[in-house]
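First comes the structure, then the notes that go with it.
The values are calculated or read from the model by the stated rules, or taken from the named source; none is laboratory data. Model, not experiment: these values are computed from the prediction. In this analysis, Cβ positions are derived from the backbone assuming ideal geometry, glycine residues included, and neighbour counts consider all displayed protein chains.
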Amino acid sequence: MNRTDYYYNDDAPKPLKIVPAVSAVVLHKEREILLQERVDNGKWSLPGGNVEPGETAEDSIKREVMEETGLDIAVKHLVGVYSDPNHVIAYQDGEVRQQFSLCFLCEKTGGNIAASNESKKVEFISISELDVLNIHITQKIRIQDALCGNTKAFIR
C-alpha cells in the first residue's frame with residue numbers, strides 16, 4: 001500500500017499541496033455503481049484521478065475512467081466539489097495533499113470493463129452492498145450525494 005487517507009485524524013501529516021482531481025459516479029440501471037478495488041490502498045473507490053495540464057475537468061474524468069475501467073462515459077452533471085481540509089492523502093513517496101476533487105455523475109456509453117495497473121478489480125456493485133465493502137468514508141459521501149437526487153452541486 002502506498003497511499004493513506006486521513007479523515008478528521010489528529011495524527012494526519014500536514015498537507016503540502018492541493019492537486020485538482022476528478023471522480024465519477026457511474027450507475028447501471030440505478031441499482032449498481034461502478035467501483036474499483038484500488039492497488040495503492042486496497043479499498044474500493046470511484047474511478048478517478050488527477051487533472052493533467054491542458055485538460056478540462058470533463059476530458060480528465062473521461063480519460064481516467066477509460067484508463068482505470070475500460071469504459072467510455074458521458075458526463076451528466078457535477079455532483080459536487082470536495083475540498084475538506086480534514087481529508088489528507090499521504091503517499092509513500094512523501095507527497096501529502098489536501099483533497100480537492102470534482103465528482104461527476106456519468107453514464108456508460110461504451111467500452112468493456114477491465115482492470116488496470118491501478119485496480120485489482122473493477123465491477124458494477126449493487127448499491128445495497130456498499131455498507132459491507134472496504135470503502136473510505138469520503139467515497140461514501142460522494143456516492144450518497146450523487147444518489148440523493150439533488151440538482152445543485154454540493155460544496156463540501
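Just one of (1) under 24 Å from ASP5 (Cβ atoms); (2) touching a Lys or Arg at 6+ places or on another chain (Cβ under 8 Å); (3) without any contact (Cβ under 8 Å) to a residue 60 or more places away in the chain fails for ASP72. It is (1). Only residues that are in contact (Cβ under 8 Å) with a residue 60 or more places away in the chain and more than 14 Å from GLY48 (Cα to Cα) were counted in the stretch 114-127, giving 7. Kindly provide the set of residues from the stretch 102-144 that are under 13 Å from LEU27 (Cα atoms) and of a type in the set (Asp, Glu), ordered by number. Hits for the stretch 102-144 are GLU107, GLU123. Taking each residue of the stretch 43-56 that is polar (S, T, N, Q) and looking for partners that are assigned to a loop (DSSP other than H, G, I, E, B) and at pLDDT below 95 with beta-carbon atoms closer than 9 Å, six or more apart or interchain, yields SER45/HIS136; ASN50/VAL19. Residues of the stretch 10-20 that are closer than 26 Å to SER119 by Cα and at pLDDT 95 or above: ALA12, PRO13, PRO15, LYS17, ILE18, PRO20. Within the stretch 2-20, the set of residues being touching a helix residue (DSSP H, G or I) at 6+ places or on another chain (Cβ under 7 Å) and assigned to a loop (DSSP other than H, G, I, E, B) is empty.
Just to be sure, is GLY70 of a type outside the set (A, V, I, L, M, F, W, C), at positive phi and at pLDDT below 95? Here the answer is no, as GLY70 does not meet what is asked. Filtering the stretch 79-94 to residues that are at pLDDT below 95 and of a type in the set (Asp, Glu) leaves only ASP93. Residues that are aromatic (Phe, Trp, Tyr) and surrounded by 15 or more Cβ atoms within 10 Å (Cβ to Cβ) number at least 1 in the following strands (runs of 3 or more DSSP E) confined to the stretch 22-133: 71-82, 101-111, 119-126.
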